[in-house]
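The structure appears below as structure tokens.
The values are calculated or read from the model by the stated rules, or taken from the named source; none is laboratory data. Model, not experiment: these values are computed from the prediction. Glycine also receives a Cβ, built like all others from the backbone with ideal geometry; neighbour counts cover every protein chain displayed. Keep in mind that these areas ignore ligands, DNA and RNA; they rest on the heavy atoms of the full protein, side chains included. Shrake-Rupley method; radii C 1.70, N 1.55, O 1.52, S 1.80 Å.
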Amino acid sequence: MCGIVACLNEGPATGYLLPALRRLEYRGYDSVGIAVTTQDGAVARLRSVERIDALEAAVLRWAGAPLGGAGIGHTRWATHGGVSTANAHPLSDCSHRINLVHNGIIENAGLLRRRLERSGHRFESAVDSEVICHLIEDQLCDAGDPLLAVRRALSLLEGSWAIAVLDAASGRIIVSCHRSPLLLAHTASAVLVASDIAAVGEWVERFRVVDDGDVLELSDVEQHGQSTAGATVFGKTGGVGSVETPGLGGYVDYMAKEIDEQPTAVARLLAELADGVADGSLWRGLSMPAFERLRVVGCGTSLNAGHVIANLVRRFGGVPACLTVASEANSEVVEPDTLCLAISQSGETADVLRAVTTCAQPGTLLGLTNNSHSTLARSADAFLSCNAGPEIGVAATKTFVCQVIAGCALMISALIAVGRLSTSSAAGLVDTMESLPQRLAKATAAAASVVPDIAEKYCTAPGFIYIARGTGVPYAAEGALKLKELTYRWAEHYPAGELKHGPLALIGSGTPVVAVRGADKKLAANIAEVEVRGGHVVSVGTAESTIPVQADLAAPWGPLECIVPLQMLARTIGLTLGWDVDKPRNLAKSVTVE
Ligand code: F6R
């Protein structure tokens, strides 16, 4: 998803911009660009629809006046307008004085564009963001001053934005945000701005969150920061290591590495959380109010993790729990005493951030995220890190497993604290939990020996059906999601009992049906229904399965071990078909538009 950086540096701005853009790569992008002042008083605008290497090569080839210290940069994930150099940011106005990078969506762009075109503005791109450049151009004629012109232009916009504007005439950089995150930080020689602390965390210890609606000029940042210190949020980056992009470490892709890291990541998470589960202290440490109901909010994989957590809360605590698809949250009716658990690995998903403004009552928002510096972590009343470490592959793997474990650990602790679960039952669950790293490692090894042949057999299948019952259903959902993301093939999941109510019509000779075995024995009858119609069942779970991972069917989080072969199956088929499994088409790691 789009990422912004800006920098005012004593040395060349590219020294910060290019590495910062590289650190934003993990969010997914389809074009990248920078605009940098030159020492002859102009601005060089370099853009590419290839990877950041191509942009770096363009900077090295730059034969114009030496590049200066003020610059803005952007990784774009196309929403309005296709992937082309013309649509890549930075975008510009008619005179090419204004250079702009933008995250977010301008909802009234169509109307503004028509008005601007009627008054003579010429657009170079199909991107909604370009209207901001032309509005600033117009306002400059009246206001004269770029800061005032930006402020006036922004007052005409509807939607969401984080922007950085570089004025070629003065070399000044102006930044602002509205419902889209933007952070400021300083090094000894530079003022840095980024939409994600990962971009600049290597160079700074602390950062400041730009307040919604602020319009700041970078040279004024120190002064502005002091004058509004009471109203701004400061954060610590937690040191370089926590935000660094790791290498492949000998793996061919990040997804393979991250699947293999799951047992270690879970062991690390449990080392941190397990002691606070059985005595309720993990929950009490968050100082959240007691609750009668749970609402889990999320999207995609995070919502699947939330489904596992909701199942545990219902089955073990008898607490009503519901799932809210974040993008559909605005018409929800929230009952009193509802705890809202918002789950997001990035903590920046716009749908989730918007949802929690409508479906969380004051004081009841608990965030579960893999990014302690994220907007969700900062805005929640309390948050828990799922501590999966950096996940670069766009398709979530280890963050899913860690969300499940962190969420279940927290909810068991909460059920103890509110007297819905006995300490002895909880202690038993903690023991079971502590066996998970080993069980996940075994599942990885077991899957490695059978998944390649299964992938080979089914890689030409046009579509797949995933089925499960009870606690297995979220894993079937997650397996189908992984398959769609990585192979671009149809994959749907159903609670197996639903097959006979319609989807059974899809089963023909050779249709692959992946069955996730859980505790519910009725799945055997559903498998038989498929086989008798010619479907090919690939079962995952118990010892007699096609992929025998020996899942613990009685665990309150269900057959978690099954997710490992499902991730591997999707990855292997994706690779067989020739796709980039780390960067699936059309997808982004951090989805910052609604
Ligand atoms: C799937 C995947 C997405 C995300 C979804 C929410 O592999 O990664 O479905 O789970 O976009 O993202 P977060 O968790 O960042 O809120």
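Residue 576 to residue 275: FRET efficiency via 1/(1 + (r/R0)^6), r the Cβ-Cβ distance, R0 41 Å, to the nearest 0.05?
Working: r = 44 Å, r/R0 = 1.07.
Given R0 = 41 Å and the Cβ-Cβ separation, E is 0.40.
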Near-label residues of the range 480-524 by backbone N, under 20 Å of a point 7 Å along Cα→Cβ of residue 328 | 480-482, 484-485, 491-499, 501-503
At a 1.4 Å probe, what is the % contribution of carbon and sulfur to the accessible area of the range 3-235?
-> 50
For residue 10 and residue 188, extending 7 Å from Cα along the Cα-Cβ vector and measuring point to point gives, in nm, a value of 0.8
Can you pull the one-decimal nm distance between simple spin-label points at residue 420 and residue 268, each 7 Å off the Cα toward Cβ?
-> 3.1
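Based on the Kirkwood radius over alpha-carbon pairs, what is the Stokes-Einstein translational diffusion coefficient of the range 246-434 at 4 °C with 1.567 mPa s viscosity, in µm²/s?
Translational diffusion coefficient: 78 µm²/s.
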Hey, with R₀ at 25 Å, roughly what FRET efficiency would residue 460 and residue 501 work out to, going by the Cβ-Cβ distance, to 0.05?
-> 0.30
With no solvent term and unit scatterers on the alpha-carbon positions of the range 369-467, Debye gives log₁₀ I(q)/I(0) at q = 0.11, 0.15, 0.20, 0.23 Å⁻¹ of -0.54, -0.88, -1.13, -1.23
Helix 523-532 versus the longest principal axis of the chain: what is the Cα-based angle in degrees, 0 to 90, to the nearest 10?
-> 90
Crossing angle, helix 350-359 versus the chain [Cα axis fit, 0-90 degrees, rounded to tens] = 70
Does the range 39-176 classify as rounded, prolate or oblate by the C-alpha gyration tensor (a ≥ b ≥ c root eigenvalues; a/c under 1.5 gives rounded; else a/b over b/c gives prolate, otherwise oblate)?
-> oblate
Find how much the distance from residue 335 to residue 543 grows on full extension, using 0.36 nm per residue of separation minus their present alpha carbon separation; answer in nm with one decimal.
-> 70.5 nm
Using a 1.4 angstrom probe on heavy atoms only, work out the carbon and sulfur share of the accessible area of the range 246-434 in %.
-> 51
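Once the piece of chain linking residue 488 and residue 96 is laid out straight, how much longer is it, given 0.36 nm per residue of separation minus the C-alpha distance between them? Intermediate results must be reported in sequence, preceding the final value.
Details: separation 392, 0.36 × 392 = 141.12 nm, distance 3.99 nm.
Gain on stretching residue 488 to residue 96: 137.1 nm.
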Please work out the Cα convex hull volume for the range 448-583 and give it in Å³ per residue.
-> 94
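Holding the Cα-Cα limit at 31 Å, pick out from 398/521; 457/521; 257/500; 442/522; 398/500; 522/589 the pairs that are longer than that.
Numbers: 398/521 29 Å; 457/521 28 Å; 257/500 39 Å; 442/522 26 Å; 398/500 34 Å; 522/589 37 Å.
Going by Cα-Cα distance, 257/500; 398/500; 522/589 fall outside the 31 Å limit.
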Probe 1.4 Å, all protein chains in place: accessible area of residue 211 in Å², nearest 10?
-> 30
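Please compute the length gained on full extension between residue 84 and residue 315, using 0.36 nm multiplied by the number of residues separating them and subtracting their Cα-Cα distance.
Numbers: separation 231, 0.36 × 231 = 83.16 nm, distance 5.09 nm.
Net length gain for the segment: 78.1 nm.
Share of antiparallel DSSP beta bridges in the chain, in percent to the nearest 5? Each step should come with its number before you reach the end.
Numbers: 54 of 89 bridges.
Within the chain, antiparallel bridges account for around 60 percent of the total.
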Quickly rank 59-68, 493-502 as a protection proxy: mean count of other C-beta atoms within 10 Å, highest first.
-> 493-502, 59-68
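Round to the nearest 0.05 the FRET efficiency obtained for residue 53 and residue 586 when R0 = 22 Å and r is the Cβ-Cβ distance. Before the final figure, lay out each step's value.
Details: r = 22 Å, r/R0 = 0.99.
The pair residue 53/residue 586 has a calculated efficiency of 0.50.
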Where in the range 254-270 is the amide nitrogen less than 18 Å from a point lying 7 Å along the Cα-to-Cβ axis of residue 445?
-> 259-267
Would you mind working out the accessible area per residue for the chain, using a 1.4 Å probe, and quoting it in Å²?
-> 37
Could you pull the accessible area for residue 38 with a 1.4 Å probe, rounded to 10 Å²?
-> 10
Per-residue accessible area, 1.4 Å probe, largest first, puts 316, 400 in the order 316, 400
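What translational D, rounded to a whole number of µm²/s, comes out for the chain from Stokes-Einstein when the hydrodynamic radius is the Kirkwood one over Cα pairs, at 25 °C and 0.890 mPa s?
Estimated via Stokes-Einstein, D reaches 97 µm²/s.
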